[in-house]
1. Which listed residue (Thr381, Ala317, Ile295) has the Cα farthest towards the positive end of the charge dipole for the chain, taking +1 on Lys and Arg C-beta and -1 on Asp and Glu C-beta about the Cα centre?
2. Once ligands and nucleic acids are excluded and a 1.4 Å probe is used, how much of Asp257 is accessible, expressed in Å² to the nearest 10?
3. Can you give me the long-range amide H partners of Ser374? Hydrogens built in the peptide plane at 1.01 Å from N, cutoff under 5 Å, separation of 5 or more residues or another chain.
4. Taking the Cα centre of the chain as the origin and placing charges on Cβ (Lys, Arg +1; Asp, Glu -1), which of Ala226, Gly29, Ala53 is farthest toward the positive end of the dipole?
5. With every protein chain in place, what's the accessible area of Asp237 (1.4 Å probe, Å², nearest 10)?
6. Roughly what angle does helix 489-500 make with the longest principal axis of the chain, taking Cα atoms, 0 to 90 degrees, to the nearest 10?
7. Let me understand the chain better: what is its radius of gyration from the alpha carbons, and its Dmax, in angstrom?
8. With charges set only on the Cβ (+1 for Lys and Arg, -1 for Asp and Glu), what does the dipole of the stretch 487-557 come to about its Cα centre, in debye to the nearest 20?
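The values are calculated or read from the model by the stated rules, or taken from the named source; none is laboratory data. From a predicted model like this one, the values you see are computed outputs, not experimental measurements. Cβ coordinates were reconstructed from backbone atoms using ideal geometry, including for glycine residues, and neighbour counts include every protein chain displayed. Calculation scope for accessible area: heavy atoms of the full protein, side chains included, ligands and nucleic acids excluded. Shrake-Rupley method; radii C 1.70, N 1.55, O 1.52, S 1.80 Å.
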Amino acid sequence: MYRPTRRHLLLTLTLLAGCRPAPSGPPAGVVVPAEALAAIDTGSFMGQVRALADDSMLGRGPGSLGEDRTVAYLTGQFQAAGLAPGNTDGTYIQKVPLVGITPQGKPVLSFAKGSRRLELAWHDDFVAWTKHVADRARIDRSDVVFVGYGIEAPEFGWDDYKGADLSGKTMVVLVNDPPLADSTQFGGRAMTYYGRWTYKYEQGMKHKAAAVLIVHETERAGYPFAVVQGKTTEQFDLVTPDKNMSRSEIEGWITLDQAKALFALAGQRFDSLKARAATREFTPVPLGVTASVTIDNKLRTVDSRNVVARLEGSDPAIKDEYVVYTAHWDHFGIGLPINGDSIYNGAYDNATGTAGLLMLARAYKALPTPPRRSILFLAVTAEEQGLLGSQYYSVMPIYPLARTLANINMDEINKWGVTKDLTVIGLGASELDDYASAAAAEQGRTLRPDPEPEKGSYYRSDHFNFAKQGVPALNPGVGVDFVGKPAGWGLERLQEYTSNDYHKPSDEIRPDWDMSGGVEDLKLFLTIGYRVAQAEKFPEWRVGNEFRAIREATVKK
Ligand SMILES: [Zn+2]
């Protein structure tokens, strides 16, 4: 749900366009005590994944019995590992106030032109919701306007709106950035924030549109429509003072087929208007069609929870400085059944990362002496709902972010065996890359950038909330070059997971899971965090990365 400022967007684009390696000696040399490394083994790691992905955890949905069980489990594990409560109130809990909004029944989205109508069926043809904290959300014969990609990017000389008034209207918008031959525009193959669906809805809010409907295209979105259909159940948001009333009344997606039917109703061809949208000359196209839909909601407020544990640093002079590890504990709970299964176990996403967090907590506790600085283990809630738990922590931090050296985030840990590489999403952003590169080299491995930059993964996990506040944040992904496997095998596994299991009940543990690579990764994350916690100086963003300016404004040297 994050709402970036224009400044933030510019920063992000500068980051994407301007990353460059900087010469800097790798901070190797600090030896991680063997006891800590030995505490991370495949058996215990897999045991933790099993516990968290078990059906009894009910898919770890925020605000559910599954949350109660997950939070109790994590608290128990931190306690058993001998970690101190992470909150200053003496508990392992940071409360995160959320509102849960559940659409009722099966609303119909109807488009009309004169006496002709096109009716879209809930779930199969369209998915929509409101973020308004209100019993009913409704648009009634709102004029439909095609706004192309819906982007305003002055640094690329791009404006899809050309001053059009969209107040009260229904925006139909394409997902992703415009595909341009010139790879210097936008991110080339990499999706910029302008391409993300969250940006499209933020544009609707900015232009006071009554509704924003994104046209779903599997390849352009990076996931199939089934992923979007998951949004027909309860959705959460942080509660803002205006009860989210500044957002558009209706936000949603329509399938590509129905978009084509809508354009046909309007006497237009989708493909030709889409082609026009990939040019600077594009201007919004009123379709001469109106849209109507009413969504009734069931509302509830929920105090969800981040679970947080702490290992106190051993150097009295700097033990109030922190390295923060994060992993989101939540997944989708119980939802629409697929192939008869309604429990969204989220074994890979993100029982693996959460289990990794518990393994790291144990490993740090196994050190003969804690590191000089303190370590925070933060299992955040409601990541799947828009990075809400980490957003809450980043605006209501328990320990000052100016004294937080780094965030290391774990969202999905390798389950396919040992790799020769490690992916770093956003490689080139900060000196944490030097730590990662040194630790990887010691394992005989190398770093590689995101092999699927078109998915915009940099904006899709909890580290991003730390980066936005200026804290150097590392978001490692899974390597793709697997030992003993042919080139392309790893990427195939990733793509297979995305099409078959991502955000579906079938994200479950399989007999062929091999956590040996994940264990290597965890040891690497341990090494990075340990060395940052021992280091003479704070890691910095690279020169040319403009998160650097936010950091410099907050950290007094
Ligand atoms: Zn995840």
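1. Result: Ile295, furthest along the dipole toward the positive end.
2. 110
3. It is Gly313, Glu321, Val323, by chain and number.
4. Ala226
5. Surface accessible to solvent at Asp237 totals approximately 0 Å².
6. Between the helix axis and the principal axis of the chain, the angle is about 50 degrees.
7. Cα radius of gyration and Dmax of the chain are 23.3, 78 Å respectively.
8. 680
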